[in-house]
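Report on the following structure.
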Amino acid sequence: MNYGLYINGKWVKSTSDETFESVNPATEKSIGNFAAGNELDAKKAVDAAEEAFEKWSSTPAPKRGEILLRAAQLLKENKERLARLETIEMGKILEEARGDVQEAIDITEYMAGEGRRLFGNTTPSELPNKFCMTVRRPIGVVGVITPWNFPIAIPAWKMAPALVCGNTVVFKPASDTPLCAIEYVKILEKAGVPKGVINMVTGSGETVGSAIVKNKKIRALSFTGSRDTGDWITKNAGIKKISLEMGGKDGIIVMDDADLKLAIDGVIWAAFATSGQRCTAASRVIVHSSIKEKFVHELVIRTNRLRLGSGLKSTTDMGPLINEAAVRKSETYTQVGRNQGARMLCGGVRLPGRGFFFKPTIFENVTIDMKISQEEIFGPVLSIIEFNKIDEAINIMNSIEYGLSSSIYTKNIDMAFRAIEKIDAGITYINSSSIGAEVHLPFGGVKQTGHSREGGITGIDEFSEIKTVYVDYSGKLQKAQIDNRK
Ligand code: NAD
């Protein structure tokens with residue numbers, strides 16, 4: 001099956017007529033051929049989005065919200081079909097794929113409601129007979145560049161707020177999951193998003209992605225992906241509003257008073273769900289030395305019970321990695337971990353035969369200078385690091401260049417608040433896994449993870465501009481900072 005680009009309301013071939021394949025990571029079988037767009041296709045998409053902007057931005061926001069509500073309804077009706085498709089294209093187990101689609105439903109519904117809010121502020125003036133307020137305006141054409149690990153939810157996290165705010169969109173999905181992206185765009189199309197308002201160009205990051213990044217008609221970019229790509233975007237985008245959601249090296253602290261079963265449930269979910277391919281996956285457990293032995297013993301038993309296989313089977317706990325390169329990366333880091341003196345307790349190998357399966361892997365005797373405790377592996381490889389005092393645990397937590405998610409298991413409220421105050425991360429969970437974002441709260445990180453806060457009301461801030469308005473009805477020239485001192 002061949003799939004095209006979506007430009008100005010039409011499904012079209014790429015100008016070059018070249019294609020690329022997407023494969024099922026569990027079987028390595030082809031899913032279809034997708035148009036490999038190029039710079040010219042990206043330009044056409046941006047021009048179409050620019051052309052559509054005037055009409056879309058003048059459409060009343062509640063009307064834009066109604067279209068999103070229809071899209072949410074269509075996502076609900078298609079939830080099971082989309083989830084299966086996502087498992088086939090991306091590999092995550094069906095239950096998690098359903099969660100991904102549900103996240104898209106939730107954010108689309110939330111943002112539909114924003115059509116009747118999009119609040120500004122009012123505030124008093126320092127001068128009499130003068131009124132002050134802020135109003136929101138759309139930014140213009142927005143470039144949306146997404147990764148493959150949440151192939152429906154992440155595009156929805158970005159496009160729903162972008163659309164309700166009145167922007168038009170040029171969307172460049174990841175090349176490992178183009179079919180999920182196409183299905184999402186088809187839902188928006190069916191819901192009634194007018195032609196030109198969303199445009200999608202599949203193809204490589206180096207050609208299509210960089211053409212979007214550098215295009216001067218694009219006024220804002222919303223990017224989720226790796227730190228290196230985000231770094232490149234920052235250096236090449238020129239003057240644009242940029243939202244960056246990048247890598248993580250998230251940690252979970254387990255204190256000596258923690259409920260061990262609860263902590264182990266949380267660590268297994270954080271380290272091995274989506275085969276460790278979540279930006280909020282925990283790849284470090286920072287565990288108190290007095291309980292370390294018991295904790296590790298139980299954790300390894302539970303990990304060895306995880307069943308690898310096709311995500312479509314209800315008996316599978318962990319699906320494949322996304323592609324061959326991802327398996328090699330996990331293999332390489334496993335070797336590096338051993339070379340640097342960490343002790344491997346389980347896993348460390350790929351499964352023989354077809355598919356990109358890598359066994360869940362745990363290392364102990366890990367120190368903070370080791371590469372496996374510093375670099376994002378984006379696979380099922382977990383490091384155990386010991387500590388004795390809470391300050392030491394927090395130093396370990398903060399010893400990395402990223403700062404996305406974090407968690408602490410403790411019954412001591414003082415320790416919990418110390419963690420909330422001192423951990424350098426965008427998200428801290430107390431007695432819960434490092435995974436679990438809800439769409440109506442801000443999501444994002446600090447340090448090398450980036451600085452945006454998509455989701456919730458702060459998502460609206462990312463996709464709108466604030467205009468400050470002063471209405472002076474005094475009938476005379478009033479000078480701020482001067483006249484109120486007389
Ligand atoms: P990636 O950076 O390789 O690719 C992301 C997107 O950028 C893809 O669509 C890709 O084609 C495009 N791209 C690549 N080069 C480009 C360029 N020069 N210009 C413009 N676009 C370009 O990342 P990935 O491997 O798809 O995703 C995994 C990464 O994403 C991990 O680091 C993970 O932590 C991160 N991630 C972060 C979050 C978050 O919210 N912080 C969420 C999910 C994933």
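Here the Karplus curve 6.51 cos²θ - 1.76 cosθ + 1.60, taken at θ = phi - 60°, turns the phi angles of region 396-405 into couplings of 4, 3, 8, 7, 10, 7, 8, x, 9, 10 Hz, with x standing for Gly and Pro.
Placing unit charges on the Cβ atoms only, positive for Lys and Arg and negative for Asp and Glu, gives region 1-65 a dipole magnitude near 400 debye about its Cα centre. In the chain, the longest principal axis of the Cα atoms and the axis of helix 39-58 are about 50 degrees apart. Coupling constants for region 319-330 follow from the phi torsions by the Karplus curve (6.51 cos²θ - 1.76 cosθ + 1.60, θ = phi - 60°), and in residue order they are x, x, 7, 6, 7, 4, 4, 5, 5, 4, 5, 5 Hz; glycine and proline get x.
Each Lys and Arg contributes +1 and each Asp and Glu -1, all at the Cβ; summed about the Cα centre of the chain, the dipole is approximately 1020 debye. On a 0 to 90° scale, report how tilted helix 178-191 is relative to the longest principal axis of the chain, with both axes built from alpha carbons and the result rounded to the nearest 10. Compared with the principal axis, the helix lies near 40 degrees. DSSP beta bridges fully contained in region 250-430 are about 15 percent antiparallel.
Listing THR15, THR146, THR229, THR315 from fewest to most neighbouring C-beta atoms within 10 Å gives THR315, THR15, THR229, THR146. Residue farthest toward the positive end of the dipole of region 250-430, with Cβ of Lys/Arg at +1 and Asp/Glu at -1: which of GLY311, LEU299, ILE394? Toward the positive end, the furthest listed residue is GLY311.
According to the square roots a ≥ b ≥ c of the eigenvalues of the Cα gyration tensor, what is the shape class of region 129-199, taking rounded for a/c under 1.5, prolate for a/b larger than b/c otherwise, and oblate for the remainder? Taking the square roots of the gyration eigenvalues as a ≥ b ≥ c, region 129-199 is prolate. Nearest 10 degrees, 0 to 90: what angle lies between the long axis of helix 289-304 and the longest principal axis of the chain (Cα atoms)? Taking the Cα atoms of the chain, the angle to 289-304 is about 90 degrees.
Radius of gyration over Kirkwood radius for region 250-430, both on Cα atoms: the Rg/Rh ratio is 0.96.
About its Cα centre, region 250-430 has a charge dipole of approximately 860 debye under the convention of +1 per Lys or Arg Cβ and -1 per Asp or Glu Cβ, with nothing else charged.
Neighbour counting of Cβ atoms within 10 Å sorts the residues HIS297, HIS451, HIS288, fewest neighbours leading, into HIS297, HIS451, HIS288. Each residue in ARG136, ARG278, ARG284 was given a count of other beta-carbon atoms within 10 angstrom of its own, and listing them fewest first yields ARG136, ARG278, ARG284. Relative contact order of the chain: 18 percent, from C-alpha pairs under 8 Å at least 6 residues apart in sequence.
Filter LYS55/LYS240; LYS79/LYS186; LYS10/LYS43 down to the pairs with a C-alpha to C-alpha distance above 19 Å, please. Violating the 19 Å Cα-Cα cut-off are LYS55/LYS240. In order along region 309-315, phi translates into HN-Hα couplings of x, 5, x, 6, 7, 5, 8 Hz, rounded to whole numbers, per the Karplus curve 6.51 cos²θ - 1.76 cosθ + 1.60 with θ = phi - 60° and x for Gly and Pro.
I want the antiparallel fraction of DSSP beta bridges within the chain, as a percent rounded to 5. About 40 percent, rounded to the nearest 5. Over the chain, dividing the summed -39,500 (n - 2.57) contributions of all DSSP H runs of at least 4 residues by the number of residues returns a 222 nm mean residue ellipticity of -12000 deg cm²/dmol. Rounded, prolate or oblate for the chain? Axes are the square roots of the Cα gyration tensor eigenvalues, ordered a ≥ b ≥ c, and the cut-off for rounded is a/c under 1.5. Here the chain falls in the oblate category.
FYI, it's all coordinate maths here, none of it is from the lab. Model, not experiment: these values are computed from the prediction. FYI the Cβ positions are ideal-geometry reconstructions off the backbone, even for glycines, and counts take in every protein chain you see.
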